1. Mind checking which residues of segment 70-96 are modelled with pLDDT of 95 or more, within 16 Å of W217 (Cα to Cα) and of a type in the set (V, I, T)?
2. Name the one entry in A165, A180, A203 that is among the aliphatic types (A, V, I, L, M) and either part of a strand (DSSP E or B) or without any contact (Cβ under 8 Å) to a residue 60 or more places away in the chain (or both).
3. Could you please find all residues in segment 140-162 being closer than 15 Å to A114 by Cβ, free of Cβ contacts under 8 Å to residues at least 60 places away in the same chain and either acidic (D, E) or buried (at least 24 other Cβ atoms within 10 Å of the Cβ) (or both)?
4. Anything in segment 76-91 that is part of a strand (DSSP E or B) and farther than 17 Å from G151 by Cβ? List them, or say none.
5. I need a count of the residues in segment 143-152 that are touching a Lys or Arg at 6+ places or on another chain (Cβ under 8 Å), at pLDDT 95 or above and either closer than 15 Å to G74 by Cβ or outside any strand (DSSP E or B) (or both).
Amino acid sequence: MDARLLLWQLHALESLSQIRNSVNVKVHAEPVCQLFTSTMAGRLTIKFVCKLAPHVWENDFGKLLKLYKTKRPGGVFSFDVQFLVEDDYGVWLYSPVGSEWMAPHDEGVLLFGALLLIRPDRYWAAWWVDYPNGRRLEIDVCLRPERVVDGWAYVDLELDAVRHADGTIEIEDRDEFDIACSNGWITVSDGKIAELTANAMAAALREREEPFGIEGWQRLDALLGKGEKNSS
């Protein structure tokens, strides 16, 4: 091997280490590096190119992760979740009965199962929740979810598009949203995004666009071992 090429490969390994150490821990990405060489007129040209590529979520299968939900100024709420799969709908997470949750001033375990769908390119997080007194599909309007070192995280924008067990659809927590906007906890631009997203998701619930029709409930029922049920 050409000595100069070997020297550059050693530099490449050192550079890769520096890049990995400089990546923010909240960005779940890995540097992909390639070494390009060419020879022209007897001169060796070497290029070392690095870029960030998405991590393969399948590596998380079966792991216990965290879902962090930040409310301004309330603080951070966390939920134990399990990664299920990533498909065309997004990333599916599951919190079975007994999963731990923590709030700024409280903690406990879930008394019901919940299925969660998130997408890093959308301003919402959808929860299919098997409440004993009536299951609900709740869509948190939020800043786009981000992959963090031990799970996922998003900032709640207060508005929730909800479909109740009887089929009633509403947008909840408008009072909290107005207070957050008036106090500057939600910026003007984020507030506009929240309004548009809440209305769009309420329409999706009304039209029962999948996976907000029966898809999510069928997946949750399979996880709960309930078989076929009437989906709300």
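1. Residue satisfying the conditions is V91 alone.
2. A203
3. D160
4. Across segment 76-91, the qualifying residue is only D87.
5. The number of residues fulfilling the criteria is 2.
The values are calculated or read from the model by the stated rules, or taken from the named source; none is laboratory data. Fair warning: this is a prediction, and the values are worked out from it, not measured in the lab. Glycine also receives a Cβ, built like all others from the backbone with ideal geometry; neighbour counts cover every protein chain displayed.
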